[in-house]
Amino acid sequence: MGAPSALDPTLHVPSSLEFVSGISLVPSDSPARELLAAAAARAGLRVVDGLEEASLALVDLTAPGGLAAGQSLVDAALAAHLTLVVLVAPGESHFAEAQSLEPADVLTAPVAMHELAWRLQCAAERHVEREEQARSQEDLALLLELTADYAETSDVEALLHGVTRRLAEKLDIARATLVMLGRSADEGIIVAASDDPTLKDLRIDLSRYPEIREVMRTGKPVVMQEASTHPLLGDVERRAVAARGIHAIAALPLPIRGQVRGVLLLRAAGRRRTFTPREIDFLTTVAHATAVALRNASVLQSVRGQTEAEKTARLAAEEQAASFKPYQLFFAHVSEGVAILDDKACVLSLNPSGAAMLDVDAPDARGRHLHQVTQPVDENVLMELVTTAARGEARSGADVQVCTRTGRRLTLSMSAAPLRDEEAATILSFRDVTDARRLEDELLQTKDFLERLIDSSVDAIIATDLKGRIILFNKGAEALCGYTAQEALGGGLTVHQLYPPGVAKRVMAMIRAPEHGGKGRLSLIREELVHRSGERVPVNMTASIVYEGGREVFSVGIFTDMRARMQLERKLSDVETRLEESEKSAVIVALAGTAAHELNQPLTSVMGYAELLKRKLKEDDFAWKPVDIIYREAERMAEIVRKIGKITRYETKSYMGAQQILDLDKATSHED
């Protein structure tokens, strides 16, 4: 893969499960970290601190201790999986030091950010190419090993288990299984599994494996990267896949003489999230090689249909069942299903209750494998139960989902115990708990819904027992009171500490009294709660007592924080007061203007006539002084009228005790 001719800022380095596009800086305290972060972001890489997640490393030899850190890195076990880019100072000796690290690229400091990004992008592409080549070589080596084993090994059963085991180990997957097709389109036979060397010739119902049926229909690989949500699976299968932590499923056809005669089934769980296209190509090749080996070994006929060995096993099962007649007479009268199994998990005896529960005939169930009779959704759970009993250990209360022959889906609570009999291995009892489990699920869903509803309430909801101990404390209560739910429920906090002294008893008495909303109920009232900090918080609250059989069990209260509302009310009151003052001032100003206008006209006449009289009279005239007094008082009145006309606000002063009159000086002082 050649380097790009120009830096593509949108280019993202390819990634897979084994390769994460991370780059580490060595030494970690190098001053080039900020430059590396910018360049890595542009190149589509991410800077990581440890080497475990890194595929590239930038070794800064210009930093103190850079050479020693680089040499330690080369000597480390992880060095084989790293691609090194070295930053050096100018000079031949520095380049010689860099060559000792065998880097993929060398840059001279100082380096521009865009050049560093381009160099890192090229190094990442070379790293991907190198990793792909290494994985291709590993795939080829494994394929050659498998081919050699197919040609040399005569023990086909051990060989098939070895193939599935090595595939599971190489791909780091949960399970690899080889499934051959049975006599009918709905029957499959597991001939090998990676996690159980003893598992073989296990019959399964293919209606529960839509991925296998799809491979049979199309003859092509089926890959489900998001198995828990894939539309090919039904609701029951999706839940089963999700419960077992399976992320991805791959099913590859085994073509024999032009027909799909089997399927290589792989399931990824844990760290493994997906299958890459390269892995699917490799698995397809392995599946074809396995199909050829099966054809050459002539094992197809031995795992299909009902062989003579199966007929012999059925006859033996019937003979063994006859020896259990005393057990059958007893089990026939119990309401639970009871099955007696041989050491191969085949049914020797099935009581009437069990046969009715599974929609089968008891005689028809004899000699059949337990999987065929029960058709479990998850065969692993059932087989683990039976295997545990076969080891001599009893186990009870395991829930197993099954599908009866009539299509009913049941949840059975199963118990298994070993039988100390030479001809039987296990006794299995089961009862139908489908309705009980459905009710439990509904109750859990209701409980979860109510808990989410209570926690999402903005109001505080607090419940206490009859001793005042808190048993419910939602998120709203945490915000209102300052305590966490953990402190309230497990820290010895009581409701008395949330109220001011004596209020808790008074509130409880009001709840029990009939006049506050009825006995056991308290209508909306205003109270105070005590915050953790000591602040008293005004609240509106309602409360009630919960009764059980007429007996008080606990009490619950709902509290609404009134601080914001009361602050708003205070602001509204201040605004109303200012509005009243403004309206009052407006009335005074309008009245003052009218009064000044109306008084000016007669006052002008009075002053005019008084001035005329003063001019006609002499000062020694007896009438001159009264006329002068009239004129001066009229002038004073004119000044008062002038002030009245300039009134702009409402200001008062005391007058004769408690009475208040308008203060003309203050009301007009800002005009002066």
| query | If you take the charge dipole of the chain about its Cα centre, with +1 on Lys and Arg Cβ and -1 on Asp and Glu Cβ, which of ALA268, ILE588, THR404 is farthest toward its positive end? | reply | ILE588
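Determine the gain in length on full extension of the stretch LYS344-ARG244; use 0.36 nm per residue of separation and subtract their C-alpha separation, reporting nm with one decimal.
On the way: separation 100, 0.36 × 100 = 36.00 nm, distance 2.52 nm.
Between LYS344 and ARG244, full extension yields an extra 33.5 nm.
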| To the nearest 0.05, how large is the calculated FRET efficiency for THR285 and ASP455 if R₀ is 60 Å and r is the Cβ-Cβ distance? | 0.65
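Can you tell me the FRET efficiency between GLU169 and GLN445 if r is taken as the Cβ-Cβ distance and R0 is 56 Å, rounded to the nearest 0.05? Each step should come with its number before you reach the end.
On the way: r = 41 Å, r/R0 = 0.73.
The value I calculate is 0.85.
Relative to the compact-globule scaling 2.2 N^0.38 Å, provide the ratio for the alpha-carbon radius of gyration of region 457-561. Spell out each step's value before the answer.
Details: Rg = 12.9 Å, N = 105, 2.2 N^0.38 = 12.9 Å.
That ratio works out to 1.00.
Quick check for me: using +1 on Lys/Arg Cβ and -1 on Asp/Glu Cβ, what's the dipole size of the chain about its Cα centre, in debye to the nearest 20?
Roughly 2180 debye, rounded to the nearest 20.
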| said: Please report, in whole Å³, the volume per residue of the convex hull around the C-alpha atoms of the chain. | reply: 398 Å³
| Per-residue [θ]222 nm for the chain (sum of -39500 (n - 2.57) over DSSP H runs n ≥ 4, rounded to 500) | -14500 deg cm²/dmol
| request: Report the FRET efficiency, 1/(1 + (r/R0)^6), for ALA80 and GLU552, where r is their Cβ-Cβ distance and R0 is 60 Å, rounded to 0.05. | output: 0.25
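Counting only other residues whose beta carbon sits under 13 Å from that of LEU529, what net charge do I get with K and R as +1, D and E as -1?
Working: positive: ARG526, ARG532, ARG536, ARG563; negative: ASP459, GLU478, GLU527, GLU528, GLU535, ASP561.
Residues close to LEU529 contribute a combined charge of -2.
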| Cβ-defined net charge surrounding VAL59, 14 Å radius [Lys, Arg +1; Asp, Glu -1] | -4
| request: Quick one: plug the Kirkwood hydrodynamic radius of region 22-135 (C-alpha pairs) into Stokes-Einstein at 20 °C, 1.002 mPa s, and report D in µm²/s. | output: 155 µm²/s
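Arranged from highest to lowest average of other beta-carbon atoms within 10 Å per residue, in what order do the peptides 109-119, 207-217 appear? Before the final figure, lay out the partial values.
Values: 109-119: 16.3, 207-217: 19.6.
Averaged packing, sorted descending, gives the order 207-217, 109-119.
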| request: Report the full-extension gain for the segment VAL111 to SER136: residue separation times 0.36 nm, less the Cα-Cα distance, to one decimal in nm. | output: 5.4 nm
| note | Two pseudo-spin positions, 7 Å from Cα along C-beta at ASP186 and at ARG506, lie apart in nanometres by 7.5 nm
| Cα-projected label distance for ARG526 with ARG563, points at 7 Å along beta-carbon direction, nm | 1.8 nm
| said: Please compute the modelled spin-label separation between ALA89 and ASP29, points set 7 Å along Cα→Cβ, answer in nm with one decimal. | reply: 1.8 nm
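Residues with beta-carbon under 15 Å from that of GLN99, excluding GLN99: net charge, scoring Lys, Arg +1 and Asp, Glu -1? Let's see the in-between values first.
Numbers: positive: none; negative: GLU92, GLU97, GLU102, ASP105.
Summing Lys/Arg as +1 and Asp/Glu as -1 gives -4.
Could the peptides 52-61, 569-578, 218-227 be put in order, highest first, of the mean number of other beta-carbon atoms found within 10 Å of their residues?
Details: 52-61: 23.1, 569-578: 10.1, 218-227: 17.2.
Those peptides, ordered most packed to least, come out 52-61, 218-227, 569-578.
Sort 456-463, 394-401 by packing, meaning the average of other beta carbons within 10 Å per residue, with the highest value first. Before the final figure, lay out the partial values.
Details: 456-463: 17.4, 394-401: 14.1.
Going from most to least packed, we get 456-463, 394-401.
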| How compact and how long is region 566-671, expressed as Rg and Dmax of its alpha-carbon atoms in Å? | 20.5, 75
| note | Any lysines whose Cα falls less than 23 Å from that of LYS666, other than same-chain ones fewer than 8 residues away, would be LYS584, LYS643, LYS646, LYS653
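Since every read-out is calculated from the coordinates, none of them should be taken as a lab result. The model shown is predicted, which means the values in this text are computed figures rather than measured ones. Note that we place each Cβ from the backbone using ideal geometry, even for glycine, and neighbour counts take in every protein chain shown.
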